[in-house]
1. For Ser112, work out the one condition from (1) surrounded by 17 or more Cβ atoms within 10 Å (Cβ to Cβ); (2) hydroxyl-bearing (Ser, Thr, Tyr); (3) closer than 18 Å to Ser42 by Cα it doesn't fulfil.
2. For region 89-105, give me each residue that is touching a residue at least 40 places away in the same chain (Cβ under 8 Å), open to solvent by 90 Å² or more (accessible area, probe 1.4 Å) and closer than 7 Å to Val59 by Cα.
3. Report every pair of residues separated by at least 6 positions or lying on different chains whose Cβ atoms are under 6 Å apart, first residue within region 73-84 and closer than 16 Å to Arg116 by Cβ, second among the acidic types (Asp, Glu) and open to solvent by less than 80 Å² (accessible area, probe 1.4 Å).
Amino acid sequence: MYHKSILPSGHPKTICIKNGDILKVGNLIIKSIHTPGHYPDSLCFLMADIIFTGDTLFVGRTGRTINRGSDTRLLYKSIKKILSIPGPTIIYPGHDYGEKPYITLEENIQISPLLRARSENDFLKRMAEYESVR
């Protein structure tokens, strides 16, 4: 994913952000996590015990895979990456679709059948059921 910023001179600067890159903003240290599935270039950003999940993970559900370029198998792999993060980590999704605007990872696992899938095939089945009722 490319990020454009403006240099003090007023000229744009583009940087490429890859999986695992560490971004330093003042005293903040932010790790990028490539999470394809909803879209091929999806990224999440982890800061200590907070993760900004964009459209990859929401309160109570994952992102959808109905768009061109979406891939449910890749989304499963991306969700597995996020599930490896400690449970008390707070998720801030890109949109407020749940009962509240943020949730801990462990709470989200408890309320989301998608996050409790036992395997990739189970996840694919649950996603197909979920998306057929939406």
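1. If we test Ser112 against (1) surrounded by 17 or more Cβ atoms within 10 Å (Cβ to Cβ); (2) hydroxyl-bearing (Ser, Thr, Tyr); (3) closer than 18 Å to Ser42 by Cα, just (3) comes out false.
2. Hit for region 89-105 is Tyr102, nothing else.
3. Tyr76/Glu120
For every residue, the table says whether it meets (1) free of Cβ contacts under 8 Å to residues at least 40 places away in the same chain; (2) surrounded by 13 or more Cβ atoms within 10 Å (Cβ to Cβ); (3) acidic (Asp, Glu).
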{"position": "Asp41", "(1), (2), (3)": "no, no, yes"}
{"position": "Cys44", "(1), (2), (3)": "yes, yes, no"}
{"position": "Asp49", "(1), (2), (3)": "no, no, yes"}
{"position": "Leu57", "(1), (2), (3)": "no, yes, no"}
{"position": "Asn67", "(1), (2), (3)": "yes, no, no"}
{"position": "Ser70", "(1), (2), (3)": "yes, yes, no"}
{"position": "Pro86", "(1), (2), (3)": "yes, no, no"}
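The values are calculated or read from the model by the stated rules, or taken from the named source; none is laboratory data. This structure is a prediction, so every number in the text was calculated from the model and none was measured. Here Cβ is always computed from backbone atoms with ideal geometry, including for glycine, and neighbour counts include all displayed protein chains. Only protein heavy atoms, including side chains, enter the accessible area calculation; ligands, DNA and RNA are left aside. Shrake-Rupley method; radii C 1.70, N 1.55, O 1.52, S 1.80 Å.
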